[in-house]
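Down below is the structure, laid out as structure tokens.
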Amino acid sequence: MFRTLALSAAATLAATPSCPAAAPVVVADTTQSPHAVARPVGVDEVRWTEGFWAERTGVNRERSLPAMWELMRDSEHKPFYEHFLIAAGRAEGDYHGAAWNDGDFYKWIEAACSSLAVAPDESLRAAVDKAVDAVVAAQRDDGYLHTPVLIARRNGDRSARPFADRHDFEVYNLGHLMTAGCIHHRTTGEGRLLAAAERAAQFLEKAFADPSEKMARQAVCPSHYMGLVELYRTTRDERYLRLAEHVIGLRNVAAGVDGGGGDDNQDRVPFVDQREAVGHAVRANYLYAGAADVLLENGDDSLREPLEAVWRNVVRKKLYITGACGALYDGASPDASPSQEQITRVHQAYGRNYQLPNITAHNETCAAVGAVLWNWRRFLATGEGRHIDWIEVAMHNAVLAGVSLRGTEYFYTNPLRATDNPPTDIRWSRRREEFIVSFCCPPNVVRTLAQLGGYAYAVDDSGVWVNLYGANRLDTKVDGGRLTLRQSTEYPWEGRIAVTIDAAPAEPFALRLRRPAWATGMELRVNGDAVDAATSKGYAVIERAWSPGDRVELTLPMPVTPMESHPLVEETRNQLAVQRGPIVYCLESVDLPDGVDIDSVRLDPGAGFTVTHEPDLLGGCAAIEAQLHAAPQPAWDALYRPAAAGDTRPFRARLVPYYAWGNRGPSEMSVWLPRL
């Protein structure tokens, strides 16, 4: 049996749920976390007012959320909502869907509640009420809720039981229920879904109290780590934090391939000994985010070292230029290891160091979302801008590419190159679709966009961090009073940002302005006067007494920058990508002149680039006109052939933001282009 702590006698099923008053709708509430450096502001305390993020979050609110509710409600594709009605005995039928569809439904509830916190909407609120009612009705009295099992048993299958197979995603689903319950409570002040979340946590408490080896490994895609910690933060009931510590601790005593573990689920090696990102990238990033949550509450140094080492491994050796991660569709890990008995299959996974293919890149959208969750929690613990740097790049590229500009079609995977003749059959579409059989990514993108304002700022007793740039308004409380400020900017298309103070505490406080990793310089003015601000942890810090009307002007030079990769990234050796600010660009075949094939295009790093602002292109964006070259490209009829010398033909073509590719019909695409 596996035990890492003795659960107290108080950790028995509670008769009634904890239910404090509604709180600001924050993403990871570290208000009382003893090991947090920063506290998040509420999603409801930030309004995107115009420009890039106002447009994208507006589409999310007005199109994505309602369309996704209709898709989940009407059962045309899969009966997401109806599953709960069947499990509750309110309808008849069988279970039809993936094992994790309950979690998809909870993510939609969380997304809708986050949107309601910013923009109340009667029809959306009615949909949330209907969804919550179905979830609560379906839950068993003992707190168990997994509709595939409940429906099977209701239909007479007595063999259906909880936790029969860890790949049934029960703890993953319940973790998302817990997070949704917290956000629903903070938004509405109601306790129904929060109570259901507590009952689910208490069911897990009993299930994990003295687990078998098989039960100890019930941690596939462990959203329950984050869910339990957020439940503790919401209710202040320490049993949930103790349970989170307990189930993460099980990864250290139940690791190893002999009992069925492996790198795909990050349980070949005890978590405290891990120094490299391995296996299924969504499962990995959820694990790292959950461990970071526990670290924020208990300061356990044994968690700090693997979190830091794995982060550096990804950023230095396994991260795509778009902020995406999880390179492989399928593979083996630890690849090429002399300890061959340790090697197991992995899928949708981190690969070897520097293994970053383009056409066959998996890069699941959920992995990019998981990276945002992980980096946000590490930022809250450290106050370091490097974590926001990854969030910014991922949000502007890897995450945003996961949804169409229309807001109703989605990618599951995000390659950096798409061709009409890929080297192998690829199991996920290269076109966004309204419904994906594995529907985990669409509601994950929708909830991340709905909560984006919560990532834009953070506070502590001495000041405020300005994390993400975009036209918005912040209205929050800091030590000593209320702080209201406005950002005015055309970011990410331009690097000029003005921050105007509308209300401020009487006492001096620090305004911390992030200097992005891509920025080669940073100019600051306060009320028109140049200032030379000290930089700390990636932020320029201006500390002074502020008055209404004070204006800070920040300028980040935003040249077009050809980028190259480390020489060990074999797939992009002698190739270039183009970046401007946080935006990574790509070439689409629809922008090529007649007679030019995308495989023939070459890029000179010294070529002339012209930035063009095109309000009617792809929802309005800054495109880049580039001098490119077309090389002769005879048809291939062999694996190898003599290299042919020949002149290239120069031509000009448009590069567009990667996040927007595939929105103009079928098209080939490439982020990386061979160097001339």
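The values are calculated or read from the model by the stated rules, or taken from the named source; none is laboratory data. It should be emphasised that the depicted structure is a prediction, and the values quoted were computed from it without experimental measurement. For neighbour counting, all protein chains shown are included, and Cβ atoms are generated from backbone atoms with ideal geometry for every residue, glycine included. Calculation scope for accessible area: heavy atoms of the full protein, side chains included, ligands and nucleic acids excluded. Shrake-Rupley method; radii C 1.70, N 1.55, O 1.52, S 1.80 Å.
Some values worked out for this structure:
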| read-out | value |
| --- | --- |
| Answer from A349, A336, A381 - the residue that is within 30 Å of E297 (Cβ to Cβ), more than 17 Å from the chain's Cα centre (by Cα) and either among the aliphatic types (A, V, I, L, M) or open to solvent by 20 Å² or more (accessible area, probe 1.4 Å) (or both) | A381 |
| The range 23-72 - residue that is in a strand (DSSP E or B) and of a type in the set (A, V, I, L, M, F, W, C) and, of those, least open to solvent (accessible area, probe 1.4 Å) | V46 |
| Only one of R236, R304, R283, R275 that is closer than 30 Å to L145 by Cα, of a type in the set (D, E, K, R) and open to solvent by 30 Å² or more (accessible area, probe 1.4 Å) | R236 |
| Pair list, Cβ < 7 Å and 6+ apart or interchain, from the range 583-594 residues that are farther than 12 Å from I624 by Cβ to residues that are assigned to a helix (DSSP H, G or I) | S589/I598; L592/I598 |
| Scan of the range 122-132 for residues that are over 12 Å from W69 (Cα atoms) and in contact (Cβ under 8 Å) with a residue 40 or more places away in the chain, ordered by number | V132 |
| Residue in the range 455-464 that is crowded, with 20+ Cβ neighbours inside 10 Å, touching a helix residue (DSSP H, G or I) at 6+ places or on another chain (Cβ under 8 Å) and assigned to a loop (DSSP other than H, G, I, E, B) present | no |
| Criterion (out of contact with any strand residue (DSSP E or B) (no Cβ under 9 Å at 6 or more places or on another chain) and loosely packed, with under 10 Cβ neighbours inside 10 Å) met by exactly one of G606, G665 | G665 |
| Matching entry among I343, I359 (being open to solvent by 10 Å² or more (accessible area, probe 1.4 Å), modelled with pLDDT of 95 or more and farther than 30 Å from G538 by Cα) | I359 |
| Residues of the range 73-87 classified as out of contact with any Lys or Arg (no Cβ under 9 Å at 6 or more places or on another chain) and either under 13 Å from H146 (Cα atoms) or open to solvent by 60 Å² or more (accessible area, probe 1.4 Å) (or both), total | 5 |
| V149 being modelled with pLDDT of 95 or more, within 25 Å of the chain's Cα centre (by Cα) and open to solvent by less than 50 Å² (accessible area, probe 1.4 Å) | no |
| Criterion (in contact (Cβ under 8 Å) with a residue 24 or more places away in the chain, touching a Pro at 6+ places or on another chain (Cβ under 7 Å) and in a loop (DSSP other than H, G, I, E, B)) met by exactly one of G521, G619, G549 | G521 |
| Pairs, first at pLDDT below 95 in the range 85-111, second exposed (fewer than 15 other Cβ atoms within 10 Å of the Cβ) and of a type in the set (V, I, T), C-beta under 8 Å, six or more apart | A98/V437 |
| Inter-residue pairs, beta-carbon under 7 Å, first touching a residue at least 24 places away in the same chain (Cβ under 8 Å) and in the range 135-148, second surrounded by fewer than 16 Cβ atoms within 10 Å (Cβ to Cβ), 6+ apart | A137/R90 |
| Which numbered condition V294 fails, given (1) free of Cβ contacts under 8 Å to residues at least 60 places away in the same chain; (2) out of contact with any Ser or Thr (no Cβ under 6 Å at 6 or more places or on another chain) | (1) |
| Filter result for the condition that a residue is of a type in the set (G, A, S) and either open to solvent by less than 20 Å² (accessible area, probe 1.4 Å) or within 30 Å of A327 (Cβ to Cβ) (or both), over A519, A545, A534 | A519 |
| All positions within the range 26-74 that are of a type in the set (A, V, I, L, M) and closer than 30 Å to L303 by Cα | V26, V27, A28, A36, V37, A38, V41, V43 |
| Scope the range 609-628; condition surrounded by fewer than 18 Cβ atoms within 10 Å (Cβ to Cβ) and among the β-branched types (V, I, T); matching residues | T610, V611, T612 |
| Qualifying positions in the range 286-301 - of a type in the set (D, E), closer than 15 Å to S33 by Cα and open to solvent by 10 Å² or more (accessible area, probe 1.4 Å) | E297, D300 |
| Which numbered condition A209 misses (of (1) within 23 Å of A91 (Cα to Cα); (2) open to solvent by 10 Å² or more (accessible area, probe 1.4 Å); (3) assigned to a loop (DSSP other than H, G, I, E, B)) | (1) |
| Residues (over 20 Å from D420 (Cβ atoms) and open to solvent by 40 Å² or more (accessible area, probe 1.4 Å)) located in the range 639-653 | Y640, R641, P642, A643, A644, A645, G646, D647, T648, R649, P650, R652 |
| Failed condition for A6, given (1) at pLDDT 95 or above; (2) in a loop (DSSP other than H, G, I, E, B); (3) open to solvent by 40 Å² or more (accessible area, probe 1.4 Å) | (1) |
| Enumerated helices (runs of 4 or more DSSP H) restricted to the range 111-205, each holding at least 3 residues that are in contact with a helix residue (DSSP H, G or I) (Cβ under 9 Å, 6 or more places away or on another chain) and small (G, A, S) | 122-138, 170-188 |
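Residues are listed down the side, and each one gets a yes or a no for (1) of a type outside the set (G, A, S); (2) modelled with pLDDT under 95; (3) over 29 Å from the mean Cα position of the chain (by Cα):
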residue	(1), (2), (3)
A622	no, no, no
A653	no, no, yes
P657	yes, no, no
G662	no, no, no
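Conditions (1) at negative phi; (2) aliphatic (A, V, I, L, M), marked per residue:
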site	(1), (2)
Y106	yes, no
K130	yes, no
D141	yes, no
V149	yes, yes
G156	no, no
H167	yes, no
A180	yes, yes
E190	yes, no
E205	yes, no
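Conditions tested, residue by residue: (1) modelled with pLDDT of 95 or more; (2) out of contact with any Leu (no Cβ under 7 Å at 6 or more places or on another chain).
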| residue | (1), (2) |
| --- | --- |
| L228 | yes, no |
| D237 | yes, yes |
| L243 | yes, no |
| H246 | yes, no |
| R251 | no, yes |
| G259 | no, yes |
| D263 | no, yes |
